[in-house]
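Okay, structure first, notes after.
The values are calculated or read from the model by the stated rules, or taken from the named source; none is laboratory data. Just so it is clear, the model here is predicted, and its values are computed rather than measured. Every residue, glycine among them, receives a Cβ derived from its backbone with ideal geometry; neighbour counts consider all protein chains shown. For accessibility, only protein heavy atoms count, side chains too; no ligands or nucleic acids. Shrake-Rupley method; radii C 1.70, N 1.55, O 1.52, S 1.80 Å.
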Amino acid sequence: MRQLREGGSDGLLPVPRSEQLARKSPTRRREIFDELRVELYALSSLVADAAVDRARRQRQSYPPYGLARSGYSATRLVVAEPEPFPEGSITTFDALGKAFVDTTIFQLRAAWQEQRHAVGWSLDHLEDLLALFRDAAGPSGEARMRDGISFLYGGLHFGTGVSVQLVEVMAGMLDTHGGFDLADRVAVLQRSSRPALRMAALNVDQVVGAFQGLQAKGTRAGWMKPEHFVLLTPVDGPARIDLREDALTGEGGGSFTYATLGCPARVAAGEGGGSTITALWSWCIDLTRDTGLLEGGREAPLKG
């Protein structure tokens with residue numbers, strides 16, 4: 001990551017075509033894909049990190065929450081100059097999720113344009129890598145790897161949506177247990193990022209199944225069930241919330257694997273060594289507090 005940030009394209013070889021790889025031995029093909037996967041996620045992480053960093057730097061431009069009404073959640077289009085979400089307009093986690101996605105997608109588009117202007121070679125190389133991995137992808141990975149924006153959008157959309165849903169279910173658990181004031185709630189959530197990191201680490205072909213497995217059915221369809229989580233209160237340490245050991249299981253009860261780097265937002269691209277998903281998680285906690293959704297006992301009805 002540091003090499004790409006400081007040295008640019010030096011040391012990066014041209015991306016081979018699928019037909020060139022087909023002439024290699026199976027062992028060599030695996031080695032090449034492993035090497036190129038590192039480049040794919042490194043480049044993706046740099047752009048993803050730039051988008052989230054840009055959003056956090058521009059928070060004062062969209063008071064009071066730093067969230068921009070880009071229109072994506074309603075129209076799947078992104079306006080060039082979005083307005084801020086007015087105070088009092090975000091009263092449910094459903095609304096917060098849409099606002100967070102709107103903001104992230106708007107900033108991703110802007111960061112992509114800035115990167116294209118400043119270091120176009122990195123985006124060209126990223127597109128070449130995606131074309132190669134798309135040829136080898138399964139059905140669920142092909143759409144995600146259609147192009148650079150789609151690949152990054154998938155990771156950031158997932159990261160924002162999962163963060164909001166995780167904070168919602170964790171806040172509900174703290175309501176149930178009682179004894180946590182607002183400062184306690186913030187502190188517990190800040191220590192409870194591991195579920196988000198685990199979800200972001202899953203393989204592209206597995207993440208949808210794992211995500212659906214955590215969700216409820218019926219009136220709360222599409223949102224996570226508290227039964228999959230546990231509040232840990234060790235005697236010698238602070239409280240935190242984590243997934244139960246059997247929460248992430250594949251078909252037939254087998255565990256999901258972490259053979260790839262998963263979502264590019266999980267890779268540490270920031271100057272301080274933090275990953276983009278960690279930044280999204282921290283910001284989501286701030287938003288939940290600032291909008292009043294983290295106050296104990298507050299009604300926050302969700303759409304089914």
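Taking region 145-165 as the region of interest, how many residues are within 15 Å of Trp223 (Cα to Cα) and touching a residue at least 60 places away in the same chain (Cβ under 8 Å)?
Narrowing region 145-165 to residues within 15 Å of Trp223 (Cα to Cα): 158-165.
In the following step, the residues that additionally are touching a residue at least 60 places away in the same chain (Cβ under 8 Å) were identified as 158-161, 163-165.
Of the residues in region 145-165, 7 are within 15 Å of Trp223 (Cα to Cα) and touching a residue at least 60 places away in the same chain (Cβ under 8 Å).
If you check Leu13 against the conditions, is it modelled with pLDDT under 85 and surrounded by 20 or more Cβ atoms within 10 Å (Cβ to Cβ)? So Leu13 does not fit the description; no.
Among the residues making up region 30-65, a single one is in contact with a helix residue (DSSP H, G or I) (Cβ under 8 Å, 6 or more places away or on another chain) and free of Cβ contacts under 8 Å to residues at least 40 places away in the same chain: Ile32. Would you say Ser122 is of a type in the set (S, T, N, Q) and either within 19 Å of the chain's Cα centre (by Cα) or over 30 Å from Leu21 (Cβ atoms) (or both)? So Ser122 does not fit the description; no.
Report yes if some residue within region 217-229 is under 17 Å from Thr288 (Cβ atoms), in a strand (DSSP E or B) and in contact (Cβ under 8 Å) with a residue 40 or more places away in the chain; otherwise report no. Yes, region 217-229 contains at least one residue that is under 17 Å from Thr288 (Cβ atoms), in a strand (DSSP E or B) and in contact (Cβ under 8 Å) with a residue 40 or more places away in the chain.
Among the candidates Ala136, Ala143, Ala183, Ala171, which residue alone is open to solvent by 50 Å² or more (accessible area, probe 1.4 Å) and modelled with pLDDT of 90 or more? Working first, answer last.
Values: Ala136 fails: modelled with pLDDT of 90 or more; Ala143 fails: modelled with pLDDT of 90 or more; Ala171 fails: open to solvent by 50 Å² or more (accessible area, probe 1.4 Å).
From the options Ala136, Ala143, Ala183, Ala171, the qualifying one is Ala183.
Each row is one residue, and each column tells you yes or no for (1) surrounded by 21 or more Cβ atoms within 10 Å (Cβ to Cβ); (2) in contact with a strand residue (DSSP E or B) (Cβ under 7 Å, 6 or more places away or on another chain); (3) at pLDDT below 90.
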{"position": "Asp34", "(1), (2), (3)": "no, no, yes"}
{"position": "Val38", "(1), (2), (3)": "no, no, yes"}
{"position": "Leu46", "(1), (2), (3)": "yes, no, yes"}
{"position": "Val52", "(1), (2), (3)": "yes, no, yes"}
{"position": "Ser61", "(1), (2), (3)": "no, no, no"}
{"position": "Leu67", "(1), (2), (3)": "yes, yes, no"}
{"position": "Val78", "(1), (2), (3)": "no, no, yes"}
{"position": "Ala99", "(1), (2), (3)": "yes, no, no"}
{"position": "Phe106", "(1), (2), (3)": "yes, yes, no"}
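Residue by residue through region 67-95, note down the ones that are part of a loop (DSSP other than H, G, I, E, B) and in contact (Cβ under 8 Å) with a residue 60 or more places away in the chain. If the condition is that a residue be part of a loop (DSSP other than H, G, I, E, B) and in contact (Cβ under 8 Å) with a residue 60 or more places away in the chain, then Leu67, Ile90, Thr91, Thr92 are the ones that fit. Taking every residue in region 15-29 that is over 24 Å from Leu123 (Cβ atoms) and pairing it with any residue that is open to solvent by less than 90 Å² (accessible area, probe 1.4 Å), at least 6 positions away or on another chain, the pairs with Cβ-Cβ distances below 6 Å are Arg29/Leu21. Taking the numbered list (1) within 13 Å of Gln165 (Cβ to Cβ); (2) of a type in the set (D, E, K, R); (3) at pLDDT 75 or above in turn, Arg220 passes all entries but (3).
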